[in-house]
Amino acid sequence: MISQKKVDNITVLVIENDWLSVEIAPSAGGRITSIFNKALKREFLWNNTALPLTGLNPGADYDSNFWGGIDELLPNDIPESVDGIDYPDHGELWTTALDYRIAGDVIRLSGLLRQSGLYYQKEICLHEQSPKIILTYNLANKALQARHFLWKLHAALKIGAGDLL
């Protein structure tokens, strides 16, 4: 089941099955803001309750705006020049408002990263018979020249005393 809600005045998509509830913020780079295990009654992601969930302008400072959840860093991590392009801290994706489409039990997020010319697409669905999140990605270079990039998950886990990784 997929629904929508507002958190701090932005749209958050909620995808659920019998085991999990997962929340995604398309306007914040497709950030996964919550992974809640219903059987354990446990939230797996940390978030900074002192900050509102919001979309940010390209080039925003990452550390002072670190909300938590799971961001994806693309096309870089530290502020650096790659292929002659000066990229901001933690890349472009986390500040890119993505388009979204809901098709049955699948959420598809997509958008073009303006500086790099990389097209990003992520599909999210939940396994019908277990507590598994299925993520399917498509990256395409829409620039007129080669692009070198880093792409990684930046997860803020909600870890407490006695937890094991």
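Here are a few things to note about the model shown:
- Taken over segment 16-57, the criterion of being part of a loop (DSSP other than H, G, I, E, B), closer than 16 Å to residue 153 by Cα and more than 12 Å from the chain's Cα centre (by Cα) is satisfied by 44, 46.
- Candidates 153, 113 - the one that is closer than 25 Å to residue 68 by Cβ, loosely packed, with under 11 Cβ neighbours inside 10 Å and in contact (Cβ under 8 Å) with a residue 24 or more places away in the chain: 153
- Residue in segment 127-136 that is over 16 Å from the mean Cα position of the chain (by Cα), within 28 Å of residue 63 (Cα to Cα) and either assigned to a strand (DSSP E or B) or of a type in the set (Lys, Arg) (or both) present: no
- Odd one out for residue 58 among (1) surrounded by fewer than 20 Cβ atoms within 10 Å (Cβ to Cβ); (2) closer than 30 Å to residue 163 by Cα: (2)
- Complete set of residues in segment 137-156 that are within 14 Å of the chain's Cα centre (by Cα), outside any loop (DSSP other than H, G, I, E, B) and among the hydrophobic types (A, V, I, L, M, F, W, C): 153, 155
- Considering the conditions (1) in contact (Cβ under 8 Å) with a residue 12 or more places away in the chain; (2) farther than 20 Å from residue 10 by Cβ; (3) among the hydrophobic types (A, V, I, L, M, F, W, C), residue 94 is excluded by exactly one of them, (2).
None of the figures in this text is laboratory data; all of them are computed from the coordinates on show. Note that this is a predicted model, so its numbers are computed, not measured. Methodologically, a virtual Cβ is constructed for each residue, glycine included, from the backbone with ideal geometry; neighbour enumeration extends over all protein chains shown.
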